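Presented below is the structure to which this report refers.
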Amino acid sequence: MPHVARGRDRPELSTYDVTSLPAKTVLGIAKEVESGRGKPCKGWAQVPVGWFEEVGLEVDPDNDPPRHVNVLGWPDEKEDQIQVALEVASLFEERNGRFELRPTDDEG
């Protein structure tokens with residue numbers, strides 16, 4: 001879900017472009033994010049940019065750090081954010097999106 005990051009004035013979703021990366025590389029990115037957030041990554045989904053745009057969001061690939069993307073244009077109210085997220089989830093389900101659970105360190 002989006003949140004208002006420090007130094008920002010609007011909700012945004014911070015994510016990464018993992019298009020065509022092998023799972024092992026995505027896991028490496030996940031581990032870097034975990035170390036910065038102090039929270040585990042439970043999995044990842046590959047959501048095409050167009051799906052965010054279809055529901056009225058804007059995608060800003062700032063590449064800081066590399067492959068980093070902000071998804072902007074979220075409503076301010078949490079209830080409305082959930083509704084937009086459900087619209088993206090609906091597209092994900094309709095179009096057979098890909099979700100992967102994070103492998104354990106033994107598997108990765």
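D76 sits with roughly 120 Å² accessible to a 1.4 Å probe, with DNA, RNA and ligands left out of the calculation. Specify the angular offset, from 0 to 90 degrees and rounded to the nearest 10, of the alpha carbon long axis of helix 78-94 from the longest principal axis of the alpha carbons in the chain. Helix 78-94 and the main axis of the chain meet at about 60 degrees. For K24, a cut-off of 30 angstrom between C-alpha atoms picks up these lysines, skipping any fewer than 8 places away in its own chain: K39, K42. With a Förster radius of 22 Å applied to the beta-carbon distance between D17 and Q83, the computed FRET efficiency rounds to 0.35. The alpha carbon gyration tensor of segment 41-97 gives principal lengths a ≥ b ≥ c with a/c of 1.5 or higher and a/b no greater than b/c, which makes the shape oblate. Only one of the listed values, (i) 100, 8, 5; (ii) 20, 17, 12; (iii) 23, 18, 13, was derived from the coordinates as semi-axes √(5λ) of the Cα gyration tensor in Å; which label is it? After the calculation, the listed value that fits is (iii).
Counting only alpha carbon atoms, the long axis of helix 23-37 and the longest principal axis of the chain meet at about 70°.
For segment 3-108, with all protein chains present and a 1.4 Å probe, just round the carbon and sulfur fraction of the accessible area to a whole percent.
49 percent
Label sites at E54 and L72, each approximated as a point 7 angstrom past Cα along Cα to Cβ, lie 2.3 nm apart. Segment Q46..D64, full-extension length gain: 4.5 nm, with 0.36 nm per residue of separation and the alpha-carbon distance subtracted.
The values are calculated or read from the model by the stated rules, or taken from the named source; none is laboratory data. Keep in mind it's a predicted model, so treat the numbers as computed, not measured. We place every Cβ from the backbone using ideal geometry, glycine too, and count neighbours over all the protein chains shown. Each accessible area value is taken on the protein alone, full model and side chains, heavy atoms only, with ligands, DNA and RNA left out. Shrake-Rupley method; radii C 1.70, N 1.55, O 1.52, S 1.80 Å.
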